[in-house]
């Protein structure tokens, strides 16, 4: 099988995909040469990039485990990429999981990986279309929005420019959720003004998904209307680490991605 045997018709194979580059850095096989080149360049500019990707995946495992222990059995993972090893449906095999991504290649591979799994599905959709996404038949088939749902927006909001009003978009998802629902976010930042990190952002701009670094107060604003769980909005490696692979020995690496989990209070309105 060549690089292109599995690519859906109509996909431009000359443009790298962040979802597929992310898959490559996690050790997955669903990526193209152009994606691997982008990931390699990002790692050249900032050698810790693959570690940061793995730290974010470790955060996903911890936050999903915590949510299951808190009684959540429904997940809407927006900007999920390719659900390779360690994704939501593997961490929470008894939960209902809907993955959402706008990349047709990521969706096509997700369909293959999830074939026969009655508890999980994938939808091609865009975070910037809450109404279309929340009313999608596949979403409504698995998720009951009259009950608490965990919405995951991990490493995706930084691809939404300010002009598209990402805070208002998140608020529209929040208003649709039942009290007791959760929002988990991870988001890149340039609070330390790292030249290397800005270089990674320029590299990502080769794809259709340019990075929009945001400050701690800006990321915190996504949790308007939610009650933050401890330890609040922190570096993703600092969010309830459980072992060596969860947190970096390099303090700066622990601050390049912010992560947090918020709960919609019982008094919240729908």
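Could you go through the range 127-146 and let me know if any residue there is touching a helix residue (DSSP H, G or I) at 6+ places or on another chain (Cβ under 7 Å) and closer than 21 Å to residue 35 by Cα.
First pass over the range 127-146, keeping only residues touching a helix residue (DSSP H, G or I) at 6+ places or on another chain (Cβ under 7 Å): 127-128, 130, 133-134, 139, 145.
Subsequent filtering for residues that are closer than 21 Å to residue 35 by Cα retains none.
So far as the range 127-146 goes, no, none of its residues is touching a helix residue (DSSP H, G or I) at 6+ places or on another chain (Cβ under 7 Å) and closer than 21 Å to residue 35 by Cα.
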*Quickly run through the range 75-113 and pick out the residues that are assigned to a strand (DSSP E or B) and either buried (at least 22 other Cβ atoms within 10 Å of the Cβ) or under 13 Å from the mean Cα position of the chain (by Cα) (or both).*
75, 76, 77, 78, 97, 98, 99, 100, 101
*asked:* Consider the range 63-86. How many of its residues are touching a helix residue (DSSP H, G or I) at 6+ places or on another chain (Cβ under 7 Å) and more than 24 Å from residue 176 (Cα to Cα)?
replied: 4
*Inspect all residues belonging to the range 52-60 and state whether any of them is at pLDDT below 85, in a loop (DSSP other than H, G, I, E, B) and within 20 Å of residue 186 (Cβ to Cβ).*
no
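In the range 131-157, which residues are in contact with a strand residue (DSSP E or B) (Cβ under 8 Å, 6 or more places away or on another chain) and either without any contact (Cβ under 8 Å) to a residue 24 or more places away in the chain or assigned to a helix (DSSP H, G or I) (or both)?
Going through the range 131-157, the residues in contact with a strand residue (DSSP E or B) (Cβ under 8 Å, 6 or more places away or on another chain) turn out to be 133, 136, 138-139, 141-144, 147-157.
Correct list: 133, 136, 138, 139, 141, 142, 157.
Output the residue which, of all residues in the range 116-130 that are without any contact (Cβ under 8 Å) to a residue 12 or more places away in the chain and over 11 Å from residue 96 (Cβ atoms), is nearest to the chain's Cα centre (by Cα). Can you show your working first?
Filtering the range 116-130 for residues without any contact (Cβ under 8 Å) to a residue 12 or more places away in the chain gives 116, 118, 129.
Okay, now just the ones that are also over 11 Å from residue 96 (Cβ atoms), so 116, 129.
Details: 116: 24, 129: 16 Å.
It comes out as 129.
Please work out if residue 170 is modelled with pLDDT of 95 or more, touching a strand residue (DSSP E or B) at 6+ places or on another chain (Cβ under 6 Å), part of a helix (DSSP H, G or I) and surrounded by 16 or more Cβ atoms within 10 Å (Cβ to Cβ). Break it down stepwise before answering.
Values: modelled with pLDDT of 95 or more: yes; touching a strand residue (DSSP E or B) at 6+ places or on another chain (Cβ under 6 Å): no; part of a helix (DSSP H, G or I): yes; surrounded by 16 or more Cβ atoms within 10 Å (Cβ to Cβ): yes.
For residue 170, the condition - modelled with pLDDT of 95 or more, touching a strand residue (DSSP E or B) at 6+ places or on another chain (Cβ under 6 Å), part of a helix (DSSP H, G or I) and surrounded by 16 or more Cβ atoms within 10 Å (Cβ to Cβ) - is not met.
The values are calculated or read from the model by the stated rules, or taken from the named source; none is laboratory data. Note that this is a predicted model, so its numbers are computed, not measured. For neighbour counting, all protein chains shown are included, and Cβ atoms are generated from backbone atoms with ideal geometry for every residue, glycine included.
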